[in-house]
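The values are calculated or read from the model by the stated rules, or taken from the named source; none is laboratory data. What you see is a predicted model, and the numbers here were worked out from it, not measured in a lab. Reconstructed Cβ throughout: ideal geometry from the backbone, glycine too, with neighbour counts over all protein chains shown. Areas reflect the complete protein model, heavy atoms only, side chains present, ligands, DNA and RNA absent. Shrake-Rupley method; radii C 1.70, N 1.55, O 1.52, S 1.80 Å.
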Amino acid sequence: MGRKPLAEESRPMRLEDVIGQDLVVGDGKILTEVAKKGVPVNLIFWGPPGVGKTTLARILARSFGADFVEVSAVTNGKKDLVEVVERARQNWNLQTRTVLFVDEIHRWNKAQQDTLLPHVESGLITLIGATTENPSFEVIAPLLSRSRVVVLEALSREALVAIIKRAVKDLKASKRVTKGAIEYLASLAAGDARVALSNLELALGLGEKVDEEAIARATQKILPQYDKKGDGHYNVASAFIKSMRGSDVEAALYYLARMLIAGEDPKFIARRMVIFASEDVGIAGNSALTFATSVFTAVHQVGMPEAEIILGHGVYALCKAEKSRVSYDAMKLARQAAEASPNAPVPLVLRNAPTKLMKELKYGEGQEWTAGFHADKSYLPDSVKPFLG
């Protein structure tokens, strides 16, 4: 028997060793509390690949003292489910609970899910399902109503780095694997710990020293000349913005792809697009700001790798939009005026007059706040007019 794959060997055995799911694991968080109570709970884990769905299911089953049965909706069907039910009945007679983990539960059709339902309802089986798809659409309502949906996030770059470092330490390979290689592995993984550890294992098997070039060879990638903290980062980001500004769709998409391949945070890119929508599209297309904000929200909620599709959509639309820097330039000029004359007295006509004295001092005199009213004179303080004239 050969050694298990590194991604399998590196699975945490305890909740406190799980990295990157701080929203659901930790003091007072749902999974930690469920584990402490030790009472089986039906759960649906919803999240992208390689974020720990199977690992969490196994840890929870141990905390329940339950028999853990793992099936895949891709390869296991109704016949396998019948066998699981029989096993669960035997466990029940032995006063042992059965936890059934269904990986990719969204792949089971309605009839297959219906077959499972009565056994979940009776408590014979505790269900933990895992899905990369929205369970609201992929899991039948009766199962969903009897389960708690737990959303798992794509692993951050920092979480991936921590996971890789732990694996390197466990393998006693710290002297072989460089810091740059660890960072590069985290970038290539796009939030998926399984991918990161598989690439690490491949690189370790191909040579003694594992640096960025070794990772690139092992994964058959071209090593990007892109340092997130160096000139490469700023040069490519600048080229990206200027390409959108120049309405060059092909160039903007190319620089977008380069940033993503190099492991740039997709939310950084989306934030730049929101700024661009206001700074460069501006009043030529006021809806662009709403659109870009929606792109940012969608990228945050969906995560990589699918977020690439959303970013590409956003870049294409912003490239094609009419451009105007009128509002940006006007705001820049207004700021310069405010900095040059920060204490200019507000004209009397613009001041409120809540007291008799203020009215006597002619505060608010001549105000005509009616529909369609337009002043025939400037509202600016006299001392500021030269800066904006």
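Couple of notes before you dig in:
- Residue match in region 139-154 (condition: open to solvent by less than 60 Å² (accessible area, probe 1.4 Å), at pLDDT below 90 and either more than 24 Å from residue 256 (Cβ to Cβ) or in contact with a helix residue (DSSP H, G or I) (Cβ under 6 Å, 6 or more places away or on another chain) (or both)): no
- Region 323-351 residues that are assigned to a loop (DSSP other than H, G, I, E, B), paired with ones that are open to solvent by 80 Å² or more (accessible area, probe 1.4 Å) (beta carbon under 7 Å, 6 or more apart): 323/245; 324/283; 341/387; 347/379
- Residue in region 333-343 that is nearest to residue 363 (Cα to Cα), counting only those that are surrounded by 12 or more Cβ atoms within 10 Å (Cβ to Cβ) and at pLDDT 80 or above: 338
- Top-ranked residue in region 172-191 [being outside any helix (DSSP H, G or I) and at pLDDT 90 or above; ranked as surrounded by the most Cβ atoms within 10 Å (Cβ to Cβ)]: 177
- Given (1) modelled with pLDDT of 95 or more; (2) over 18 Å from residue 319 (Cβ atoms), index of the condition residue 277 fails: (2)
- Evaluation of residue 109 against (1) closer than 21 Å to residue 145 by Cβ; (2) under 33 Å from the mean Cα position of the chain (by Cα); (3) buried (at least 18 other Cβ atoms within 10 Å of the Cβ) (one fails), failing number: (3)
- Residue 291 vs. criteria touching a Gly at 6+ places or on another chain (Cβ under 8 Å) and at pLDDT 95 or above: yes
- Within region 103-142, the set of residues being touching a residue at least 40 places away in the same chain (Cβ under 8 Å) and part of a helix (DSSP H, G or I) comprises 105, 120, 135.
- Selection of helices (runs of 4 or more DSSP H) fully inside region 1-102 by the criterion of at least 1 residues being at negative phi, surrounded by fewer than 20 Cβ atoms within 10 Å (Cβ to Cβ) and among the hydroxyl-bearing types (Ser, Thr, Tyr) returns 30-37, 53-64.
- Condition check for residue 146: more than 22 Å from residue 301 (Cα to Cα) and touching a residue at least 40 places away in the same chain (Cβ under 8 Å): yes
- Restricting the first member to region 152-180 and to residues that are β-branched (Val, Ile, Thr), and the second to residues that are open to solvent by 70 Å² or more (accessible area, probe 1.4 Å), the beta-carbon pairs closer than 8 Å and six or more apart or on different chains are 168/174; 178/209; 178/212.
- Qualifying residue in region 275-285 (condition: closer than 20 Å to residue 154 by Cβ and not β-branched (Val, Ile, Thr)): no
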